[in-house]
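Visitor: Submitted below is the structure of interest, expressed as structure tokens.
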Amino acid sequence: MTDIGQYKVIVRISRLLLILILLIYGDITLFVIASQLLFWVMLLRAVKIQAKKRFRFYLIFLYVLLLAAQTIFYLRYMGQTPDFLFMQLARNALGIFILILPYLLEYEVTVKKYTEFYMPSVQERNTLSFGQLKDAAGAMQGAVVGLGQLRQTVTPVRIMEIAQELPRHNSAQYINNGSLTEAYFDKAEDSLDDSHLYVVVSNTGSAASEIISVFTRKQYNHASLSFDRDLKTIISYNGGEKVYPPGLNQEMIEFFNKKEDSSLIVYQLDASREQKELLINKVREINEHGSAYNMLGLVLRTSLKPNIMFCSQFVYNMLRNAGLAYFEKADGQVKPTDLVELDYHRKLSFCYEIFLGRGQD
């Protein structure tokens, strides 16, 4: 048997032993440790995948969501010992299935989608050009830097924060209804004499936005819309800050202040009174019919229902509904920074920037 064959046998035996240990002796501690180790293994494998950078980002983001879901399950269901051995084995078997979901996901995107993990052969290495070596060195350096940032960002605290938030979300049903009050709409209507809408991009420091920023290499990962310059009517799709259900909510600037360098930038966009009235009515309609935050859409880039959106998807849809969109893109593909970077015709005008650092008074 060759060295490679022996290695494969050892790996398979090790996997089988691990499954047996988890099946018979698995508890909350073992499963949490196993899921953490598997996450880092899958992360390293994803870095090597031969695919576009955006595709790797989606894959890694899915791994983060799976880790959060695994953590929720293990903390909720592995803490108690079932009365019967059969029930314990069934529970542990389900825990093992949830544990290997990242492997199943990898199989789906690397085998069925004809993407593969690739290492060049000896002959290919001998024919690499200087340019290819330079590109490879640059890619490796970028991967090392990215992994360093990821290690600092994907901390147990942030993973737990995301894990605790997941049960509040629903990407298939409306769960937020009526969070905007009549007082809000009164303020919005008071702004009709202001011939502008206000597009806001922010660097909030939330757990999800910090993890996203590692892969997008963008500082600003949240977008909002306001009818007035002072942001008294600022709204977006968000998690509700544990006050309201995830979906369409009014935002409080103090909630953006989650890290020392939190900030937001406000841009104004010319809008007629009729266009603002149309948007206020559209927001009222969403508020009455219901909404939900499109967490699934962050990865799949689609919505299962019209009022299930993420932040930049909402802002772009509102601009498009009022005839104010200044670039063409599928709404599910719009990132917060697109709202500024794709303004090729200079429709936006800079208003001001707010620095929200926690250390400030």
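Visitor: If you check every pair at least six apart or on different chains, which have Cβ atoms under 6 Å apart with a residue in region 171-191 that is outside any helix (DSSP H, G or I) first and a residue that is aromatic (F, W, Y) second?
Guide: Note: pairs meeting the criteria are S179/Y244.
Visitor: Could you list, in sequence order, the residues of region 28-38 that are surrounded by 19 or more Cβ atoms within 10 Å (Cβ to Cβ) and not small (G, A, S)?
Guide: As a first pass, look at region 28-38 and keep what is surrounded by 19 or more Cβ atoms within 10 Å (Cβ to Cβ): 31, 34-35, 38.
Scanning region 28-38 gives F31, L38.
Condition check ((1) closer than 16 Å to L264 by Cβ; (2) outside the structural domain of E254 (by TED's automatic domain parsing); (3) surrounded by fewer than 20 Cβ atoms within 10 Å (Cβ to Cβ)) across all residues:
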residue: R301; (1), (2), (3): no, no, yes
residue: K305; (1), (2), (3): no, no, yes
residue: V315; (1), (2), (3): yes, no, no
residue: G323; (1), (2), (3): no, no, yes
residue: Q333; (1), (2), (3): no, no, yes
residue: D338; (1), (2), (3): no, no, yes
residue: E341; (1), (2), (3): no, no, yes
residue: R346; (1), (2), (3): no, no, yes
residue: C351; (1), (2), (3): yes, no, yes
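Visitor: Can you tell me which residues in region 3-36 are polar (S, T, N, Q), under 22 Å from L65 (Cα atoms) and either in contact with a strand residue (DSSP E or B) (Cβ under 7 Å, 6 or more places away or on another chain) or modelled with pLDDT under 80 (or both)?
Guide: First, the residues of region 3-36 that are polar (S, T, N, Q): 6, 14, 29, 35-36.
With under 22 Å from L65 (Cα atoms) added as a condition, the list becomes 29, 35-36.
The answer is T29, and nothing else.
Visitor: Those residues that are assigned to a loop (DSSP other than H, G, I, E, B), farther than 24 Å from P306 by Cα and acidic (D, E), I need them from region 317-361; list them, please.
Guide: Scanning region 317-361 gives D343, D361.
Visitor: While we're looking at this one, here's another question. Considering only residues that are within 17 Å of I175 (Cβ to Cβ) and of a type in the set (V, I, T), which ones fall in region 280-337?
Guide: Within region 280-337, I286, I308 qualify.
The values are calculated or read from the model by the stated rules, or taken from the named source; none is laboratory data. Predicted model only: the values in this text are computed from it and were never measured. Glycine also receives a Cβ, built like all others from the backbone with ideal geometry; neighbour counts cover every protein chain displayed.
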